[in-house]
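All remarks here apply to the structure that follows.
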Amino acid sequence: MGVRLIIMGPPGVGKGTQGELLAERFGIPRLSTGDMIRAALSAGTPLGERVRVYYEAGDLVPDDVVLGLIAEAFDGPETAGGFLLDGFPRTVAQADGLGELLAARRLELDAVLSLEAPEQELVERISGRRVCEACGLVTHVRAVGDDAPCPACGCSLIQRSDDLAETVRNRLSVYREQTEPLLAYYARSGTGLTAVDGLGTKEAIRDRLLDALRRAETAA
Ligand code: ADP
Ligand code: ZN
């Protein structure tokens, strides 16, 4: 069987963190197009070079690029038992493309989760976000202080190139213009949309998401 989920929400809302917890809980892979793009950028692949300008400006990379990445993942063995999509789809064209990829494989979504938080909180979370260059740990200056080393491995923490203040404002407006319409798109779909409050501790939000999933299941 397997579980097939989408987790949506604005930049900085905690999709990555919560997506990881849910994926672990259900034993499914988290497919993050953002992570796939960052991997291509740091490996310097042709795909990475093609999308660098978009990524660094905080713009969306072209739909065909991310649809290609997702199609490839769907054809690999790791998604046979389900998957959680994080950061995809982000445009109506991507959602239509996803619908076609699923229909061709006779698969259906079990739930579309939408995490929500006020804009002020999003800006603060993203601008304070730091990642470890060596081990990939994601943390916040609120937790570790300014200019601190990685608490896990001692290497240096850096700011993601698209987390700089200017770029963050652009990512939020891109979200409002191109991605937010997908909330209505999925609310009208057979799967429906399940909205969850993204404020609070990691554990509280995880429990809210699990509750929401149980409710979505009994409603279906
Ligand atoms: P966040 O949700 O915090 O913005 P992501 O890692 O999901 O972080 O995305 C970072 C960047 O990667 C986006 O600003 C965009 O340039 C690119 N990206 C990721 N997913 C997609 C997608 N589905 N479509 C287009 N661009 C994407
Ligand atoms: Zn580290």
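Which one of these is of a type in the set (A, V, I, L, M) and within 15 Å of the chain's Cα centre (by Cα): Leu182, Leu164, Leu157?
Sole residue among the options that is of a type in the set (A, V, I, L, M) and within 15 Å of the chain's Cα centre (by Cα): Leu182.
I need the full set of residues from the stretch 125-154 which are away from ligand 1 (no atom under 11 Å from the Cβ) and of a type in the set (D, E, K, R), in order please.
Listed by number, the residues that qualify are Arg130, Glu133, Arg142, Asp146, Asp147.
For the stretch 30-47, give me the residue count where each residue is in a helix (DSSP H, G or I) and buried (at least 17 other Cβ atoms within 10 Å of the Cβ).
8
Working only within the stretch 155-189, note down all residues that are open to solvent by less than 50 Å² (accessible area, probe 1.4 Å), away from ligand 1 (no atom under 13 Å from the Cβ) and not in a helix (DSSP H, G or I).
Leu157, Ser189
Residues are listed down the side, and each one gets a yes or a no for (1) in contact with an Asp or Glu (Cβ under 6 Å, 6 or more places away or on another chain); (2) small (Gly, Ala, Ser); (3) open to solvent by less than 70 Å² (accessible area, probe 1.4 Å); (4) in a helix (DSSP H, G or I):
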position: Leu109; (1), (2), (3), (4): no, no, yes, no
position: Val112; (1), (2), (3), (4): no, no, yes, no
position: Val123; (1), (2), (3), (4): no, no, yes, yes
position: Val131; (1), (2), (3), (4): no, no, yes, no
position: Gly136; (1), (2), (3), (4): no, yes, yes, no
position: Ala143; (1), (2), (3), (4): no, yes, no, yes
position: Asp146; (1), (2), (3), (4): no, no, no, no
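Kindly list the number of the only condition in (1) at pLDDT 95 or above; (2) closer than 22 Å to Glu217 by Cα; (3) outside any helix (DSSP H, G or I) that fails for Val61.
(2)
Would you please list the contacts, defined by Cβ atoms under 7 Å and residues six or more apart or on different chains, that run from a residue in the stretch 42-69 that is under 20 Å from Arg169 (Cβ atoms) and within 12 Å of ligand 1 (Cβ to nearest atom) to a residue that is among the charged types (D, E, K, R) and at pLDDT below 95?
Tyr55/Asp162; Glu56/Asp162; Gly58/Asp162; Gly58/Arg171
Is one or more of the residues making up the stretch 200-209 of a type in the set (Ser, Thr, Tyr) and at pLDDT 95 or above?
Among the residues of the stretch 200-209, not one is of a type in the set (Ser, Thr, Tyr) and at pLDDT 95 or above, which makes the answer no.
Show the residue pairs meeting these rules: Cβ distance below 6 Å; 6+ apart or different chains; first residue within the stretch 77-99 and basic (Lys, Arg); second residue modelled with pLDDT of 95 or more and part of a helix (DSSP H, G or I).
Final answer for the pair search is Arg90/Thr179.
So which pairs qualify, if the first residue must be in the stretch 6-18 and more than 16 Å from ligand 2 (Cβ to nearest atom), the second must be of a type in the set (Lys, Arg) and assigned to a loop (DSSP other than H, G, I, E, B), the Cβ gap must be under 6 Å, and the two must be at least 6 apart or on different chains?
none
May I ask you to list the residues in the stretch 104-162 that are over 30 Å from Ile70 (Cα atoms), of a type in the set (A, V, I, L, M) and within 9 Å of ligand 2 (Cβ to nearest atom)?
Ala152
The values are calculated or read from the model by the stated rules, or taken from the named source; none is laboratory data. If you're wondering where the values come from, they're calculated on a predicted model, not measured in any experiment. Don't worry about glycine lacking a Cβ; one is built from the backbone with ideal geometry, like all the others, and counts go over all protein chains shown. What goes into the accessible areas is simple: the full protein's heavy atoms, side chains included, and nothing from ligands, DNA or RNA. Shrake-Rupley method; radii C 1.70, N 1.55, O 1.52, S 1.80 Å.
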